[in-house]
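Each remark here refers to the structure printed beneath this line.
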Amino acid sequence: MQLIAKQYYTPEEYLELEATAEYKSEYIDGQIIPTAGASINHNRITGNFYATLNFAFRQQGKYEVFNSDMRLWIPQELIYTYPDVIIIADEPEFFNNRTDTITNPQVIIEVLSKSTKSYDREDKFAAYRTIPTFQEYLLIDQNRIHVEQFFKTGKKRWTLCEYDAEDGNISLETIPFEISLQDLYNKVKFELVQAETEKNG
């Protein structure tokens with residue numbers, strides 16, 4: 001991930017640039033960071049999760065799901081970002097009436113990659129926790145069957161559950177929804193990861 005050359009951008013400058021940019025970028029406290037392209041396994045996992053959620057919520061008017069085209073604004077940290085999947089409860093709250101930027105996620109799902117996994121687990125999770133509506137966080141490994149689920153249990157208290165190939169289903173704690181690991185990892189080919197590792201190593 002590379003910073004764009006200018007030393008500091010205002011949020012307004014970022015939004016103006018992003019409106020005409022060919023590729024999406026994140027904004028972190030004055031810096032614009034282009035997002036890396038996603039692998040085929042990354043796209044399969046996010047697509048599987050989004051499709052299953054979207055189908056489940058057709059009969060539940062209380063919840064809505066968005067994919068990575070929806071931008072999230074984190075005002076306390078001055079961050080604009082594009083989570084892989086966002087679930088909101090009730091109606092979306094838009095920043096400055098921008099229908100491309102929301103502020104009230106309840107659940108956020110990120111698929112881990114080599115370049116972002118440390119950031120997703122640490123600094124990004126810390127930033128997400130400043131959002132009052134944020135209650136649950138899933139980190140999905142694209143290189144093996146492994147999911148980390150964090151959910152809020154009290155002020156400044158979060159619980160971790162882990163899932164691997166021995167488990168059948170993942171149940172969200174803050175929303176009535178369940179998905180099987182088989183469906184989540186449908187069509188994911190781990191041998192692609194192994195082949196790429198051997199090629200580069």
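The values are calculated or read from the model by the stated rules, or taken from the named source; none is laboratory data. Predicted, not measured: the structure shown is a model, and the values here were computed from it. With ideal geometry, Cβ positions are generated from the backbone for all residues, glycine too; neighbour counts draw on all protein chains shown. These accessible areas exclude ligands, DNA and RNA; they are computed on the full protein's heavy atoms, side chains included. Shrake-Rupley method; radii C 1.70, N 1.55, O 1.52, S 1.80 Å.
Brief remarks on what is shown
- Here the accessible area is traced with a 1.4 Å probe on the protein chains. For region 115-166, carbon and sulfur cover 45 percent of it.
- Paramagnetic reach from Glu191 in region 157-184 [backbone N under 18 Å; point 7 Å along Cα→Cβ]: none
- Gyration tensor verdict on the chain (Cα atoms; rounded if a/c is under 1.5, prolate if a/b is larger than b/c, oblate otherwise): oblate
- Accessible area per residue, Å², the chain with all protein chains present, probe 1.4 Å: 56
- Dipole moment magnitude, nearest 20 debye, the chain about Cα centre, only Lys, Arg, Asp, Glu C-beta charged: 160
- Distance from the Cα centroid of region 51-89 to that of region 118-196 is 15 Å (rounded to whole angstrom).
- Cross-link pairs Lys24/Lys156; Lys155/Lys189; Lys62/Lys155; Lys117/Lys187 - those with Cα-Cα distance over 30 Å: Lys24/Lys156; Lys155/Lys189
- Stretching the chain fully between Phe57 and Thr116 yields a gain of 18.3 nm (0.36 nm per residue, less the alpha carbon separation).
- Positive-end residue of Gly154, Phe66, His42, charge dipole of the chain with Cβ unit charges: Gly154
- Pairwise label distance in nanometres, Ser180 with Leu78, each label 7 Å out on the Cα-Cβ vector: 4.9
- Relative to the Cα centre, the charge distribution of region 95-147, modelled as +1 at Lys and Arg Cβ and -1 at Asp and Glu Cβ, gives a dipole magnitude of about 100 debye.
- Exposure check, 1.4 Å probe, all protein chains in place: Glu122 carries approximately 120 Å² of accessible surface.
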